[in-house]
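K.L.:
Just passing along the structure, written as C-alpha cells.
The values are calculated or read from the model by the stated rules, or taken from the named source; none is laboratory data. Everything numeric in this text was worked out from a predicted model, so none of it was measured. Here the Cβ positions follow ideal geometry from the backbone for every residue, glycine too, while neighbour counts run over all protein chains shown. These area figures cover heavy atoms from the full protein model, side chains too; ligands, DNA and RNA do not enter into them. Shrake-Rupley method; radii C 1.70, N 1.55, O 1.52, S 1.80 Å.
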Amino acid sequence: MSKRAWVSAIASVLIVCGGLAAAAAIHSEVPSRLEGKPLLAIADESKKKSLKDIIFETQKLVVMIETDDGTQGSGFLYNSEGDLITNAHVVAGAKKVKIKTADARELEGEVIGISTETDVAVVRVEALAGTEPLQLVRDEKAEVGDEVMAVGSPLGFQNTVTTGIISGLGRSFEIEPYLYSDLYQISAPIAPGNSGGPLVDRTTGAVLGINSAGYEQGSIGFSMPISNVIDIAESWSKEPMAELPELEVSEESAVNEADAKVEEFAGYLVTHFYDSLNNADYVYAYSLLGGNWKEGTSYEKFREGYLGTLNVVIDDMHVKDSRDDKATVIAVISVDERVDGKYVLSKYQVTYEVGYENDQLKLVSGKGKAIK
C-alpha cells in the first residue's frame, strides 16, 4: 500500500473515532443538562405576575352582594356561566339579590343553590355569562406560612384587599345553623362584608378558599378550602335547585355581620387607611375621610402631605368606647419620612374620630403630634 493510501486510511479512522467520541459525549452530557427546567419554563418565570397585577385581575371578578333586607357580603365568579360562589349566610332567605361589580355596574343575581349544612351558596348572574372566571385550586391544600390575600367588601368598602399568611389548619367551630370544620386560619382580618369573598394565593392569583368568619379579638380570619365545597357548587350550577330551603341565620351570626358597634371596627378602618397610604393609593385613602374633613382639605393637599412618607407602622392602638355612634382611636405610629433628600424615622401619636356617614364608616376627624 502506498504512503498516500496509508495516510488516507489513518485519517478516516481518526474521523470515525472522533465521531463516535462526540456521539458518546452527547449521549452522556445532554441528558444531564436537560434535568433542569426547560428554557421555556425559565422564560415563563421571568414573566411572573406582580402582586399588583394579581390584585387588579382578582378584583375585577369579585362582587358585592346585597339583599333586600340590607345584608351585605361578597362573592366571586368561579365559572363561565356567570355563577358566583358566596357564603350561604350572605344570601339566606333571598331568591333575588343585587350585584355590584368592580366597574360600578348593578346587576341582578338569582340564588340557584344554598346549603343548610355548609355555609356555601351559588348565585347566577346572567349578565356575567361568558366572562373568564378566577382560577381555582381544586385538589391541593394550602400550608402554614403560605402568603395569601382576602378580597371582599368589608364595612361596605368594595374591593378591599387584606394580606396575610395561612397561620393555622384544620380549625373548627359552630355558628348555628352551620358547623365549620377543616378551616384555614389566616392572619388577614375578616370583617362584615368580607364573607363570601375569595382567599387568594399571593403568588399565583388562584382561589384557595372562601372567607367565612372573623374573630373580633385580633386580626384573625377563617376561610373554607375551595376544594371542600367545589363539588356541591358545581352540582348546583349543573342543576339549579327548583326550590330553595328555608334558612335562618343565628343571632350570633347576625351580630357578627350586621349589628357590630362602631368601636369594633374603628381600629380596622384606621389600619386600612394606613395600608392604603403604604400602597400609595391616595385616592382610596382620601375616600375614607368624612365630608367635613374633605371640605377643609383638598385631594391635592392631602396627597402632597403624604408623598414624602415611605412607610407607616402602627406600634400601638387603643379604641375608646363609642358615644353618639362614634368612636375615638388613639395610636402610636412609626413613619419613614423624607427630610432634606433622605428618609428619617419619626414617631407620632395620632387621634381619629370614627363614625358613620351615609351608612359607611369614615374618619370624621384626625390630628397628630410628634413624639420625641
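K.L.:
Mind checking which residues of the range 116-141 are closer than 22 Å to Tyr178 by Cβ and open to solvent by less than 10 Å² (accessible area, probe 1.4 Å)?
P.N.:
Scanning the range 116-141 gives Asp119, Val120, Ala121, Val122, Val123.
K.L.:
OK, next. List the number of the failed condition for Ser223; all other conditions in (1) closer than 24 Å to Met64 by Cβ; (2) modelled with pLDDT of 90 or more; (3) surrounded by fewer than 19 Cβ atoms within 10 Å (Cβ to Cβ) hold.
P.N.:
Checking Ser223 against (1) closer than 24 Å to Met64 by Cβ; (2) modelled with pLDDT of 90 or more; (3) surrounded by fewer than 19 Cβ atoms within 10 Å (Cβ to Cβ), the one that fails is (3).
K.L.:
Let me ask something else about it. Give me the strands (runs of 3 or more DSSP E) completely within the range 95-206, filtered to those with at least 1 residues that are among the basic types (Lys, Arg) and at pLDDT below 90, ordered by residue number.
P.N.:
96-100, 160-175
K.L.:
If you don't mind, another one. So which residues in the range 345-372 are over 21 Å from Thr297 (Cα atoms) and open to solvent by less than 50 Å² (accessible area, probe 1.4 Å)?
P.N.:
Hit for the range 345-372 is Ser346, nothing else.
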